[in-house]
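Here is the structure we will look at, set down as structure tokens.
Read-outs: derived from the displayed coordinates by stated rules, not from any lab. These figures come from a predicted structure and were not determined experimentally. When we count neighbours, we look across all protein chains shown, and the Cβ atoms used for this are built from the backbone with ideal geometry, even at glycine.
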Amino acid sequence: MTRSSILLVFFVLIGTSLGAQTLFTKQIEGRVYSESGDVAATHVLNITSQKASITNSAGFFSIAAKLNDTLVFSAVQFKRKTIVVTQSVLESKLLYVPLEDAINELDEVIVMPYNLTGDMTTDLGRTEIEPVVTASTLGLPNAYVIPPTQAERKLYEATSGGGILPLNPILNAITGRTKMLKQRVARNEKYERTQRVRAFYPDSLYSTEFRIPEEKIADFMYFCEVDITFQTLVDSHDRFRIWEYMRKKSIVYRENNNLE
């Protein structure tokens, strides 16, 4: 084979490789965020492939894209954001997209039949506003009390009683029912907090980033829940520290369950 033939084959292989990279489609996982924090239901559109997605309550999304595709992020409360998919975007584990709040200003608006101008100071002065009626504004007792859960109600019943010698609390303490109900209340509180943490991120991220099978996610969350460190992190409300903790915990979980 001559030198020119070798060079021709070399350039053909390079062109084929570059073409394959351009056509390679990947499921991009990401999250949008803003100063206002209201990022739920933001539309994510791949205008190149005409594919669309939408963010969850925490701003996470997943959409298929390839090199040089154009992604558009839009919502009523944000300015339109456009991103071109580069190689670094394709290689990123989690794409973070900042959104800028949109400020819509109108010169003057007249709304009938109340003749509103759009100027809050002027409109409030000429509009009669009925008082807001709620349990708290009416001064009703227990207006701010949070209703107890079923487990909390049962615990109260087990530990309360009337008469000179309240037998109900004594009998429940002797039989161990009071202790059992206290443990149930504490367990329910832990479970509810763990479920809130799980809702921070879509299940697809647990599978792609932590390599936890979808049917094992609930078991993995319980694996984190029983660790006192996890409970401390949940109280901090620092989602990035919680994410990093669960990433490290997922390595141990996969090893313990032979998921590697």
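See the values below:
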{"read-out": "Charge context of Gly37, other residues only, Cβ under 15 angstrom, K/R +1, D/E -1", "value": "-3"}
{"read-out": "Sorted peptide list for 69-80, 208-219, 86-97, criterion being average Cβ within 10 angstrom, highest first", "value": "69-80, 208-219, 86-97"}
{"read-out": "Estimated FRET transfer efficiency when R0 is 22 angstrom, pair Asn258-Thr229 (beta carbons, to 0.05)", "value": "0.35"}
{"read-out": "Listed residue pairs exceeding 23 Å between alpha carbons, taken from Lys66/Lys216; Lys26/Lys249; Lys216/Lys249", "value": "Lys66/Lys216; Lys26/Lys249"}
{"read-out": "Of Ser62, Ser49, Val32, farthest towards positive along the dipole that unit charges on Lys, Arg, Asp, Glu beta carbons give the stretch 27-98", "value": "Ser49"}
{"read-out": "Which of Tyr222, Val234, Ile212, positive extreme of dipole for the stretch 196-243 (C-beta unit charges)", "value": "Val234"}
{"read-out": "Cross-link reach list, lysines versus Lys179, counting only Cα pairs under 30 Å and skipping chain neighbours closer than eight places", "value": "Lys154, Lys190"}
{"read-out": "Whole-number D in µm² s⁻¹ for the stretch 27-98, Kirkwood Cα-pair radius fed into Stokes-Einstein, 10 °C, 1.306 mPa s", "value": "132 µm²/s"}
